[in-house]
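Here's the structure we're looking at; comments come further down.
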Amino acid sequence: MAVPKRKTSRARKLKRRAHDGLTEAQRCRCTRCGDWTLPHSVCENCGHYRGRALLPVEGF
Ligand SMILES: [Zn+2]
């Protein structure tokens, strides 16, 4: 089995992990109520997705 010749330094390890951070989830506007929602998911504000009511929400 291949074995690393040297111990990975702390600086090298941290540089490698500089790109590992999570990014904010993508958001898009609901076409019905204009609220921000996750793409390809039912709007939590009005309960609609692609023009269809899928969740019972008061007020709509
Ligand atoms: Zn909505």
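Filtering G21, G59 for residues that are out of contact with any Leu (no Cβ under 9 Å at 6 or more places or on another chain), at positive phi and either part of a loop (DSSP other than H, G, I, E, B) or modelled with pLDDT under 90 (or both) leaves a single hit, G59. Within the stretch 11-39, the set of residues being loosely packed, with under 10 Cβ neighbours inside 10 Å and under 12 Å from the mean Cα position of the chain (by Cα) comprises L22, T23, E24, A25, Q26, P39.
Restricting P56, P39 to residues that are more than 12 Å from the ligand (Cβ to nearest atom) and without any contact (Cβ under 8 Å) to a residue 12 or more places away in the chain narrows the list to P56. Considering the conditions (1) in a loop (DSSP other than H, G, I, E, B); (2) surrounded by 10 or more Cβ atoms within 10 Å (Cβ to Cβ), K7 is excluded by exactly one of them, (2).
The values are calculated or read from the model by the stated rules, or taken from the named source; none is laboratory data. In this text, all values refer to a predicted model and were calculated from it rather than measured experimentally. Counting neighbours? That spans all protein chains shown, and the Cβs are built from the backbone with ideal geometry, glycine included.
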